[in-house]
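*Asks:* Structure below; questions to follow.
The values are calculated or read from the model by the stated rules, or taken from the named source; none is laboratory data. Quick caveat, the model's predicted, so the values are computed rather than measured. Backbone-built Cβ (ideal geometry, glycine too); neighbour counts: all protein chains shown.
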């Protein structure tokens, strides 16, 4: 692999560039972003060597590997537009948060005779705020990097997997439908709850200056953690909601019902069962711990 | 102040003992706990100098200050039982998570002529797991310690306030009703949501070994943070639910409605409004940040 082009040089895209360099990649890294600010920030950080001037430059790029690091809807657009411009021996990969629609579309357009290969991917890393300015070479260190392969591994795909391992990430292959269902539970639901709680608190206290001071003085780690993801950008999550609607709706409805059950049982021993199951989740069971 | 007795030597009670010593308190510290394990752990840690043998020893103690550090219902019991055993010049204070019922009861039994004084308190510090073994002298450092005073400050109450400041805590006086409403939003709601989410995930994945592996591999910081309080003990939260039922139910219902609204708008521009309000909460507005 001698050349990589990164489409979308925000937090994840720019971090990929920095991680490539930190891992000793000696080839060229070009980048493009719809935002001139993000693009120049990535260039300034050294995440990319060259800023492409427009979409046509992405299409005409001869890069060995094209990394799609935009939100999901633009990824779907790029998958379509790039298909006729890439060929055998080249790889497209992405870092999109949902995989079912991406895998379905890419499966139709790539991996066949005379076609480039495509490896859908999803690094389980990020921050609640986006942007190239927050990019880090170590962002993927210790993180799981999921792939939902469409076809048998090609040589260039094997190279990309090795590069990702070089970022310090742990690779795991998963079925795209299972990916989207599990991510709805462990990522999209927490995001929606954190957004809902932040929006609710904002609305409840915005017009209450005296209460605000109390909220600020009293709110501790629990409040900060439960609302941290409230800072996440709509631009990215809109596409998650649009491309994983049913699984996310299922988890939201289940939580609504669970909260209602707790609310109706604040004064009954049923509440004990909820705490017991929650304790099991954290201490045994799935063993999710800090 | 030459003597303190701590009733309930779990996480908070034992941390009070350690903080007193770290701040140079040279008097004696006795302790009692319904659990012999907690009591001997507190003694072993040096959080207390002497383990009282039974409830009668608490009642007959001549300590200048009695710190009630049990869950709220036992605090209410102790407030009742201790009233006839303490007198002018002595102070009772507590660290209970709700204040309306405690302040109401204590207001009837303390602070009058010939009576001991009572200062309801609530340090905004803790951990998701309880127990003396996790106690720390620095637990209250930088934390807000709320008081809901019942009567004009007495000399011994002023001494306790100074001691709490010596723990590194910031003192703030607040009305007990406002305390319970604000705590419902910033502490009790996050707790109930974290418990509900943990219990839901446990139930959803307990019988799905293959999915469990995926949940463990994929779940990241968002999942860990949003379920961290799932480890919290029922024993403490039962009393919060019982003594702050209406405010907690109000916040739960509001969040249920908000989640339903998001669920029904996953594919509409309404979702943008939710993210915008949430962004404001974290970045401007109340300015809750990490």
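*Asks:* Restricting to the stretch A:189-219, and then to whatever is out of contact with any helix residue (DSSP H, G or I) (no Cβ under 7 Å at 6 or more places or on another chain) and not in a helix (DSSP H, G or I), can you tell me which residue is nearest to the other protein chains (Cβ to nearest Cβ)?
*Replies:* A:206
*Asks:* Just a yes or no: is a residue in the stretch A:243-260 modelled with pLDDT of 95 or more, over 19 Å from residue A:202 (Cβ atoms) and part of a loop (DSSP other than H, G, I, E, B)?
*Replies:* Scanning the stretch A:243-260, I find at least one residue that is modelled with pLDDT of 95 or more, over 19 Å from residue A:202 (Cβ atoms) and part of a loop (DSSP other than H, G, I, E, B), so the answer is yes.
*Asks:* A further question follows. Within the stretch B:234-268, how many residues turn out to be in contact (Cβ under 8 Å) with a residue 40 or more places away in the chain and more than 7 Å from chain A (Cβ to nearest Cβ)?
*Replies:* Within the stretch B:234-268, residues that are in contact (Cβ under 8 Å) with a residue 40 or more places away in the chain and more than 7 Å from chain A (Cβ to nearest Cβ) number 9.
Quick grid of which residues meet (1) in a strand (DSSP E or B); (2) touching a residue at least 12 places away in the same chain (Cβ under 8 Å):
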site	(1), (2)
A:34	no, yes
A:37	no, no
A:42	no, yes
A:57	no, yes
A:67	yes, yes
A:70	no, yes
A:73	no, yes
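*Asks:* Let me ask something else about it. Does residue B:223 meet the test of being under 29 Å from residue B:104 (Cα atoms), within 7 Å of chain A (Cβ to nearest Cβ), assigned to a helix (DSSP H, G or I) and over 19 Å from the mean Cα position of the chain (by Cα)? So that I can check it myself, show each step before the final result.
*Replies:* Details: under 29 Å from residue B:104 (Cα atoms): no; within 7 Å of chain A (Cβ to nearest Cβ): yes; assigned to a helix (DSSP H, G or I): yes; over 19 Å from the mean Cα position of the chain (by Cα): yes.
So residue B:223 fails the test.
*Asks:* Further question: Just wondering, is there one or more residues in the stretch A:232-241 that are over 14 Å from residue A:183 (Cα atoms) and surrounded by 23 or more Cβ atoms within 10 Å (Cβ to Cβ)?
*Replies:* Yes; the residues of the stretch A:232-241 include at least one that is over 14 Å from residue A:183 (Cα atoms) and surrounded by 23 or more Cβ atoms within 10 Å (Cβ to Cβ).
*Asks:* Something else: Based on what the data block shows, is residue B:49 farther than 18 Å from residue B:86 by Cα, over 23 Å from the mean Cα position of the chain (by Cα) and surrounded by 14 or more Cβ atoms within 10 Å (Cβ to Cβ)?
*Replies:* Values: farther than 18 Å from residue B:86 by Cα: yes; over 23 Å from the mean Cα position of the chain (by Cα): yes; surrounded by 14 or more Cβ atoms within 10 Å (Cβ to Cβ): yes.
Judged against the criteria, residue B:49 is a match.
*Asks:* Something else now. Restricting to helices (runs of 4 or more DSSP H) lying wholly in the stretch A:78-188: which have 1 or more residues that are at pLDDT 95 or above and under 14 Å from the mean Cα position of the chain (by Cα)?
*Replies:* Because the criterion is at least 1 residues that are at pLDDT 95 or above and under 14 Å from the mean Cα position of the chain (by Cα), the helices (runs of 4 or more DSSP H) in the stretch A:78-188 that meet it are A:100-109, A:176-183.
*Asks:* Turning to a different aspect of this structure: Let me confirm something: among A:62, A:127, which residue is more than 18 Å from residue A:158 (Cα to Cα) and in contact with a strand residue (DSSP E or B) (Cβ under 8 Å, 6 or more places away or on another chain)? Steps first, please.
*Replies:* Numbers: A:127 fails: in contact with a strand residue (DSSP E or B) (Cβ under 8 Å, 6 or more places away or on another chain).
Matching residue, one of A:62, A:127: A:62.
*Asks:* Hey, another quick one. Six or more apart or on different chains, Cβ atoms under 7 Å: show the pairs whose first residue is in the stretch B:117-133 and at positive phi and whose second is surrounded by 19 or more Cβ atoms within 10 Å (Cβ to Cβ).
*Replies:* Between residues of the stretch B:117-133 that are at positive phi and residues that are surrounded by 19 or more Cβ atoms within 10 Å (Cβ to Cβ), the close pairs are B:126/B:11; B:126/B:12; B:131/B:10; B:131/B:11; B:131/B:38.
*Asks:* Same structure again: Only one of A:60, A:84 is more than 28 Å from residue A:128 (Cα to Cα) and in contact with a helix residue (DSSP H, G or I) (Cβ under 8 Å, 6 or more places away or on another chain). Can you tell me which? Working first, answer last.
*Replies:* Values: A:84 fails: in contact with a helix residue (DSSP H, G or I) (Cβ under 8 Å, 6 or more places away or on another chain).
Answer to the check: A:60.
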